[in-house]
């Protein structure tokens, strides 16, 4: 028997006073009176504890607005788009709903409706160390991701993304992406958006040949345009995290679409998403601006590095001058040693090699030595008559 029923029976059936019953059980006399009054009004069922929640909540989001929140979330998920509280807030503002609930209110509505659940195990955003370009076109990130056509045929999608605004400057699907493909897409994107001051990629062979001691057409193009090239360290995809995150967003959309039978069909789906992503989707990292708005809001950075005159067919080699002031070069299967000077020891350099014509420059474009390689000599001394030095 619970306490409420006990005190009621003590008063009603036993005839004890309110004060006596209250003192015996350590409860207020007023509470004993309240329980007796409830019993006399509705019997024992009236003694059941009642909710203290108000019957109406003046500040609660109206039901029709909550329904709109749930409906918009469903539409976004069905289309393969981001459907978080901040994105829903943006879409509510475009549909004439006033006042638009705050992002935190939308999150509470989704949680109350059982559509989201908190994930306290996630690393807090405040602990992240983020790097972002200050201007549009200050840096582009690029990477390749994989997908499949309806019949299971594997394809590759090449993406370029502006680091500052998150504008997708290019997204092209191909069977297999090659270095000439990267060069063509990059040139087309540069013509449309303006060429960036720098480019950041991973160490894939379609981008760089630095690990093989040489260069490819992409690096040569960047050098010829004065565009600084950065590459992430091996096995560290977080360096290119912005374009890696875009891969995930793009493929979330694509898997919601009817599987494409051809490259052309898949490219149409990608183009439709890129248009939405750039022009309509508010980006959390840009203060809920669309990437295109963020791109157009500031002046654009431009290539500012040294411009290298690279002859067609010439190769570019990156090296570092050793302690003795010497660099090495392989020509027709034979290794040659070229003196530059101890004053430049440990300095990273570029070697532009066009047959036997060799130029050795700093990464800033300063000429250190220009020589005609003598195949009869293993060591190309500084004082040889067929060479010259410049500083």
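Derivation of every value follows stated rules applied to the coordinates shown; laboratory data play no part. As the structure is a computational prediction, the values presented were derived from the model and not from experiment. Glycine also receives a Cβ, built like all others from the backbone with ideal geometry; neighbour counts cover every protein chain displayed.
With each label modelled as a point 7 angstrom along the Cα→C-beta vector, the residue 230-residue 77 pair spans 3.8 nm. Measuring r between the beta carbons of residue 298 and residue 192 and using R0 = 22 Å, the FRET efficiency lands at 0.80. Extension gain for the segment residue 111 to residue 357, taken as residue separation times 0.36 nm less the Cα-Cα distance, is 81.6 nm to one decimal. For 93, 51, the sequence from fewest to most other C-beta atoms within 10 Å is 51, 93.
Each residue in 44, 229 was given a count of other beta-carbon atoms within 10 angstrom of its own, and listing them fewest first yields 44, 229. Of the peptides 338-347, 273-282, the order by per-residue mean of other Cβ atoms within 10 Å, starting with the highest, comes out as 273-282, 338-347. Full extension of the segment from residue 94 to residue 280, taken as 0.36 nm per residue of separation minus the current Cα-Cα distance, would add 65.9 nm.
In plain terms, the C-alpha convex hull of the chain casts an average shadow of 33.3 nm² when viewed from every direction. When Rg and the Kirkwood Rh are both derived from Cα coordinates, the Rg/Rh ratio for the range 315-389 amounts to 0.91.
Measuring r between the beta carbons of residue 255 and residue 335 and using R0 = 51 Å, the FRET efficiency lands at 0.50. FRET efficiency for the residue 203 to residue 320 pair, using the beta carbon distance and R₀ = 22 Å, is estimated at 0.80. Counting only alpha carbon atoms, the long axis of helix 29-42 and the longest principal axis of the chain meet at about 80°. Backbone N atoms of the range 328-361 closer than 18 Å to the 7 Å Cα→Cβ label point of residue 381 belong to residues 336-343. Each Cα pair under 8 Å and six or more residues apart adds its sequence gap; the mean of these over the residue count of the chain is a relative contact order of 11 percent.
Taking 0.36 nm per residue of sequence separation and removing the Cα-Cα distance, the residue 19/residue 151 pair yields an extension gain of 39.1 nm. With everything on Cα atoms, drop me the angle between helix 103-112 and the longest principal axis of the chain, reported from 0 to 90° to the nearest 10. Taking the Cα atoms of the chain, the angle to 103-112 is about 60 degrees.
The helix-based estimate of mean residue ellipticity at 222 nm for the chain, built from -39,500 (n - 2.57) per DSSP H run of four or more residues and divided by its residue count, is -10500 deg cm²/dmol to the nearest 500. Exposure proxy for 12, 65: other Cβ atoms within 10 Å of each Cβ, ordered fewest to most, give 12, 65.
Volume per residue for the range 140-296 equals 113 cubic angstrom (convex hull of Cα atoms).
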